[in-house]
Amino acid sequence: MQTVLIVDDSMFMRRIINDVVTKHGYQVVGEATCSDEAIRMYEELKPDLITMDITMTVDGKTIGRSSNGIVAIEEIKKINPKAKILVVSAMGQKPYVIEAVEKGAEDFVVKPFTEEKIVEALTNLGRDLPK
């Protein structure tokens, strides 16, 4: 069973993603609410796959490094260049997509998403990983 770390500042969104991925046979090993937490949890848990929001707030405020999923992507890729990251964000504008991919994200799903889009993207990312 492939493991997933969910990174999103919204508890509601984390719950939705968690429900979708567990329904389709993935094991959620952790949930992070900001970039700093995501980096720490990635090092600790070593999940197979990561869902990553781009813009996150810390205590209701968008501040620096902790609120930027692109920073987390870059740092996680330094830890493990083979890390599999799926960006799940409402920030669907082209510059954010390009930057996320340049930093190492493999795919991008725009919120609001369908269950099928998330499952398809995670399936594609995890194809070369053990089941």
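The values are calculated or read from the model by the stated rules, or taken from the named source; none is laboratory data. Values in this document were obtained by computation on a predicted structure and should not be read as measured data. Because the Cβ atoms are built from the backbone with ideal geometry, glycine has one as well, and the counts that use them run over all protein chains shown. Just the protein is used for accessible areas: all its heavy atoms, side chains included, with ligands, DNA and RNA removed. Shrake-Rupley method; radii C 1.70, N 1.55, O 1.52, S 1.80 Å.
Data overview
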item: Protection proxy ranking, peptides 48-57, 75-84, average beta carbon neighbours within 10 Å, highest first; result: 48-57, 75-84
item: Between region 1-48 and region 94-131, the Cα center-to-center distance that results, in Å; result: 14
item: Accessible area per residue, Å², the chain with all protein chains present, probe 1.4 Å; result: 52
item: Whole-number percent relative contact order across the chain, with pairs defined as alpha carbons under 8 Å at least 6 apart; result: 24
item: Percent antiparallel among DSSP beta bridges (both partners in the chain, rounded to 5); result: 10
item: Average projected area [Cα convex hull, the chain], square nanometres; result: 7.0
item: With every protein chain in place, the chain: carbon and sulfur % of accessible area (1.4 Å); result: 53
